[in-house]
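The values are calculated or read from the model by the stated rules, or taken from the named source; none is laboratory data. Everything quoted here is computed from the prediction, not taken from an experiment. Backbone-built Cβ (ideal geometry, glycine too); neighbour counts: all protein chains shown. Each accessible area value is taken on the protein alone, full model and side chains, heavy atoms only, with ligands, DNA and RNA left out. Shrake-Rupley method; radii C 1.70, N 1.55, O 1.52, S 1.80 Å.
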There are 2 protein chains.
Amino acid sequence: MTARTPLLVRDPAEPQALRSDALINRNRILEVARETFAARGIDVTMREIARRAGVGVATLYRRFPTKESLVTAAFADQMAACASVVDDALADPDPWRGFCTAVERICAMQAVDKGFTAAFVSAFPDSIDFEGVRACAEEGFAELTERAKASGHLRADFAQEDLTLLIMANGGIIADTAETAVAASRRLAALLLQSFLAHPADPPAPLPPAAPIGLHNVVGNLQEPSQAVPAGQVSGRCPR
Amino acid sequence: MTARTPLLVRDPAEPQALRSDALINRNRILEVARETFAARGIDVTMREIARRAGVGVATLYRRFPTKESLVTAAFADQMAACASVVDDALADPDPWRGFCTAVERICAMQAVDKGFTAAFVSAFPDSIDFEGVRACAEEGFAELTERAKASGHLRADFAQEDLTLLIMANGGIIADTAETAVAASRRLAALLLQSFLAHPADPPAPLPPAAPIGLHNVVGNLQEPSQAVPAGQVSGRCPR
DNA sequence: CCGAAACCGGAACACCTGGTCCGGTTGACG
DNA sequence: CGTCAACCGGACCAGGTGTTCCGGTTTCGG
């Protein structure tokens, strides 16, 4: 309709179109979002992120039109790191070591960042980045699996789905502090990697330090420390 | 203060104080709640449970004053079953077999019932039943662990926390259909049990059938089947 | 058979969530 | 320095959740 277009039309992909204060706010928002999502998961409120970033909700929504887009932006670098993990593993001359390292690193990332798994799993349909990286990582891992099997270290009946299994299982490991989560995750990875081995050593491998994961911290995390079962108090109704 | 107490005071624990129709409704509610929680997790709405049970919300709330109490009641028998699993395991003359069976059965229960884990984990503070059973099961498992170690089958550095680890990891295994969840859970249990073994066989144990767990079903369960990466479309930005 | 107490269902309440609107403010450019 | 669009923040909207209230109905002892 309007035949005249403005002379100074900006490249629509230009990121510098933001005013200086707006850019500052945007960065602050992203920073806060990353921290908060990592610490408390993906379910934190948009209001809270806005409050923590010292901006209003409208500002937040003007920068990221939907929560989905905020999550995507916040975890973009994590996704990149995830992809690079697979690349590093493929670059390792020892296939089995590469395989193990990749698994351990991904598990650690998952454990450190509470929201990462959720962001990865829910995989908002529109955020093509996520899907792309995921497909790419899958592909790389298939190659990795093949090589590890060929090297004779990975058991032949290892299925590609076992990797999904491991990731999902690791996703179940969440504790209130990142440290406990990492420790637990590390032990889980070590245990599973051991059972993936084709020829397990007769004396089982030493395994990393025993997981300091506390029962009360993770399972019954709603009760206060209390007196750790006063022996005679709680029992008595225990049928065995 | 009031010195006079009513003559016909009822035993507060008497369960027969319900009118016949009220009792029928109560049972129907419990039945529906069990089914729905198992199939769709603990997050189903009180409205929906009431609707499915063919009663009004008020009726539901009169019977179970809070959602918490409904959950507790609905999972009471599951908790009992959980305890009996440990008892059975302790009754087995072969400690290692008992250990394995207990682990497998608990994992299966967890996989079949989506809400079970959540109910068990969240462990509402007031529902003492849960806490009691949990403590009891823990105690029994400690005994089980000890015996399995003494028999030489369970590796010496197995920690009690590894059990929590397993349960939490298994909790991460959730799929849209109960069958896939059970299959995946079974494989996870088999893998972990193998790495718990003190003297793993040189050729790794055959393991149960490969898990038919599908990547798209569990990880990217929001996207439609689509054309499974049209090869040329998405790639091109895959760095390796 | 009858009346009262217990029951029933749906409307309503308080609260929280993602997301939008509008009047006042501020940075950037001539 | 002045103008004006872009920006800012809090109020607001729609939808959904656990929970409560109230008028009509049903059961059950006498």
Can you say whether residue A:89 is open to solvent by less than 60 Å² (accessible area, probe 1.4 Å), within 16 Å of DNA strand C (Cβ to nearest atom), assigned by TED's automatic domain parsing to the domain that holds residue A:137 and in contact with a Gly (Cβ under 7 Å, 6 or more places away or on another chain), as far as the supplied structure shows? no
I need a count of the residues in the range A:37-63 that are more than 8 Å from DNA strand C (Cβ to nearest atom), within 28 Å of residue A:176 (Cβ to Cβ), free of Cβ contacts under 8 Å to residues at least 40 places away in the same chain and surrounded by 14 or more Cβ atoms within 10 Å (Cβ to Cβ). 5
Can you list residue pairs whose Cβ atoms sit under 8 Å apart, with the first residue in the range A:100-112 being in the same structural domain as residue A:140 (by TED's automatic domain parsing) and the second being of a type in the set (Phe, Trp, Tyr)? Count only pairs 6 or more apart in sequence or on different chains. A:102/A:141; A:109/A:116; A:110/A:116
Where residues in the range A:49-69 are more than 8 Å from DNA strand D (Cβ to nearest atom) and over 11 Å from residue A:29 (Cα atoms), which of them is farthest from the other protein chains (Cβ to nearest Cβ)? A:65
Keeping to the range A:188-204, report how many residues are charged (D, E, K, R) and buried (at least 22 other Cβ atoms within 10 Å of the Cβ). 0
Report, by residue number, each residue of the range A:168-191 that is aliphatic (A, V, I, L, M) and touching a Gly at 6+ places or on another chain (Cβ under 6 Å). A:168, A:169
With respect to residue B:173, is the statement that it is open to solvent by less than 20 Å² (accessible area, probe 1.4 Å), assigned to a loop (DSSP other than H, G, I, E, B), within 10 Å of chain A (Cβ to nearest Cβ) and modelled with pLDDT of 60 or more true? yes
Qualifying positions in the range B:22-33 - more than 13 Å from DNA strand C (Cβ to nearest atom) and surrounded by fewer than 19 Cβ atoms within 10 Å (Cβ to Cβ): B:31
Part of a helix (DSSP H, G or I), more than 14 Å from residue A:168 (Cα to Cα), modelled with pLDDT of 85 or more and open to solvent by less than 40 Å² (accessible area, probe 1.4 Å): is that true of residue A:100 in this structure? yes
The range A:145-162, residues that are more than 12 Å from chain B (Cβ to nearest Cβ), part of a helix (DSSP H, G or I) and surrounded by 15 or more Cβ atoms within 10 Å (Cβ to Cβ): A:145, A:147, A:148, A:149
